[in-house]
Amino acid sequence: MKKHVVIFEARGGSDKGKYGFRRDSKPIVDSFKNRGWTAEIIFYEDKDRGEIYRHTLDKADAYISRVNPGNLVDETGYFQMLRELVTNGVVGLPHPDAMIAYGAKNSVEKLKGTGIVPDDVFTYYDYETLKEAFPKSLKNGVRVIKQNRGSTGEGIWRVEVLSPEKYKNKKSIPLDAKLKLTEAKDNHTEEKTLEDFLKFCIQYLDGDNGMLLDMPFLERIVEGEIRVLMLRDNVVNIVHKKPAQTKDAFSATLFSGAKYRYDKPEEWPELVQLVKSSLPMMQKRLGNYDLPLIWTADFMLDTDKKTGKDKYILGEINASCVGFTTFLELSENIVDEVLALLDADAAISDQWAAFQK
Ligand SMILES: Nc1ncnc2c1ncn2[C@@H]1O[C@H](COP(=O)(O)OP(=O)(O)OP(=O)(O)O)[C@@H](O)[C@H]1O
Ligand SMILES: [Mg+2]
């Protein structure tokens with residue numbers, strides 16, 4: 001083994017420290033050093049793709065991707081580079097296809113029928129389907145429409161029909177109906193007709209991974225979003241994110257004024273149990289990829305209509321650039337996981353080589 005790992009980051013963004021790196025990447029580099037390995041951080045840019053590819057192939061046993069592909073101008077080149085690296089023997093943390101399978105917004109729809117997401121969730125990949133289906137789903141009540149790219153609430157809209165009683169006897173909401181729209185980025189509101197909103201959404205359907213998730217608005221979001229921070233199959237922390245207590249606020253993002261509290265997994269036994277018991281099912285439903293190294297599952301509370309009891313509903317998974325600045329000591333566990341994985345990988349390759357002789 002080369003005993004070297006490359007960490008990919010993107011330049012810019014609000015998560016960077018004094019030297020332009022993510023504040024939680026340096027601890028990973030140090031933890032590798034403590035174990036007699038080396039690690040380096042490389043900024044990915046399309047123009048340097050060839051050079052980065054050759055360098056990583058030459059020097060590293062594995063890469064750790066810490067880029068939000070949705071924030072790249074075009075993620076195609078980045079994914080292609082990662083795919084080539086994995087094909088040529090570099091261990092991918094995560095593999096680009098796993099990043100998409102877990103982290104894309106349609107993962108929620110892929111879990112339909114399992115009880116951890118609502119039964120009426122839909123994904124739209126083209127304008128014709130959006131225009132046909134969304135006016136019908138909007139008839140079910142207040143919805144949340146989520147774009148796949150971006151993060152921190154950008155392009156995440158709560159959609160309410162103004163005067164819904166007008167359309168009581170209709171099967172779908174007419175295109176000229178007036179909507180109240182609230183964006184999770186900053187909880188600001190706008191009014192548009194349904195037709196104008198649908199046209200506005202075309203931007204979110206553009207490109208390779210363009211899509212929209214349509215799910216019911218869960219009003220108990222005001223009690224907080226509960227983020228489960230995972231290291232592969234281990235629950236390592238819980239973040240309780242309470243939206244600002246202002247009119248219209250539903251967003252759990254920091255910028256929108258939500259308050260965060262950090263809890264130990266022991267304080268959330270039922271949720272931890274739910275996540276642990278759901279992992280094999282989630283893995284299978286989402287394409288049988290290895291679980292990501294660092295990832296999160298974000299839940300909201302809902303009330304079970306039959307039993308009146310609380311239940312947890314999954315709102316999204318983040319698998320591509322999860323930070324852990326509030327628990328920097330996690331870098332030690334992260335590196336332990338990486339080294340265990342590389343060991344297992346090497347053992348399999350050795351066996352295979354012996355078998356071939
Ligand atoms: N179905 C829902 N019902 C109520 N509120 C919701 C729902 N889905 C999302 N939200 C609210 O909107 C916020 C943004 O949505 P979400 O986290 O899915 O998008 P995001 O922009 O990808 O965020 P992130 O930066 O965490 O990846 C959530 O934190 C939550 O407060
Ligand atoms: Mg979120």
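The values are calculated or read from the model by the stated rules, or taken from the named source; none is laboratory data. Only a predicted model underlies this, so the values are computations on that prediction, with no experimental measurement involved. Every residue, glycine among them, receives a Cβ derived from its backbone with ideal geometry; neighbour counts consider all protein chains shown. With ligands, DNA and RNA removed, areas are computed over all heavy atoms of the protein, side chains included. Shrake-Rupley method; radii C 1.70, N 1.55, O 1.52, S 1.80 Å.
Given the -39500 (n - 2.57) contribution per DSSP H run of 4+ residues, what per-residue ellipticity at 222 nm results for the chain, rounded to the nearest 500 deg cm²/dmol?
So the calculated ellipticity at 222 nm is -9500 deg cm²/dmol.
My understanding is that a pair violates if its Cα-Cα distance is over 29 Å; which of K136/K247; K185/K311; K16/K59; K199/K259 do that in this structure?
Beyond 29 Å: K199/K259.
If the chain between R83 and Q245 were fully stretched, how many nm would it gain, using 0.36 nm times the residue separation less the Cα-Cα distance?
The span from R83 to Q245 would gain 53.9 nm if fully extended.
Any chance you could look up the accessible area of L328 with a 1.4 Å probe, heavy atoms only, rounded to 10 Å²?
Probe radius 1.4 Å; accessible area of L328 about 70 Å².
Quick check: pseudo-label points 7 Å beyond the Cα along Cα→Cβ at T38 and D97, how many nm apart are they?
Label-label distance for T38 and D97, simple model: 3.3 nm.
Per residue, what accessible area does segment 221-357 have, given a 1.4 Å probe and all protein chains present, in Å²?
So segment 221-357 comes to 54 Å² accessible per residue, rounded to a whole number.
Pulled fully out, how much extra length does the chain show between N288 and N234, if you take 0.36 nm times their separation in residues and subtract their Cα-Cα distance?
Contour length minus the Cα-Cα distance gives 17.7 nm.
Provide, in order from the shortest bin, the percent of all Cα-Cα pairs of segment 119-217 in each 5 Å bin, continuing until the bin that contains the maximum pair distance.
Going from the shortest bin to the longest, the percentages are 3, 14, 26, 28, 19, 8, 2, 0.
For the pairs K47/K110; K26/K242; K3/K241; K112/K264, flag any whose C-alpha to C-alpha distance is greater than 31 Å.
Distance filter (> 31 Å) returns K47/K110; K3/K241.
How far is it, in nm, from the label point at E329 to the one at D119 when both lie 7 Å from their Cα along the line to the Cβ?
Output for this residue pair reads 4.6 nm.
Roughly how many nanometres apart are two label points built 7 Å out from the Cα toward the Cβ at F217 and K3?
Computed distance between label sites F217 and K3 equals 5.8 nm.
Which length gain, in nm to one decimal place, applies between T303 and A346 when the Cα-Cα distance is subtracted from 0.36 nm times their residue separation?
Fully extending the segment from T303 to A346 adds 10.7 nm.
May I ask you to derive the FRET efficiency for D48 and K199 from their Cβ-Cβ distance with R0 = 41 Å, giving the value to the nearest 0.05?
Calculated transfer efficiency: 0.65.
Across 5 Å bins from 0, what is the distribution of all Cα-Cα pair distances for segment 271-340, in whole percents?
3, 12, 18, 22, 20, 13, 6, 4, 2, 0
FRET efficiency for V272 and V73, Cβ-Cβ distance as r, R0 = 35 Å, nearest 0.05?
0.35
Can you give the Rg to Rh ratio of the chain, both from alpha-carbon atoms, with Rh computed by the Kirkwood formula?
The Rg/Rh ratio comes out at 0.99.
List residues of segment 223-238, by number, whose backbone nitrogen lies under 18 Å from a label position 7 Å along Cα→C-beta of E337.
Under 18 Å, as judged by backbone N against the label point of E337, lie 227-238 of segment 223-238.
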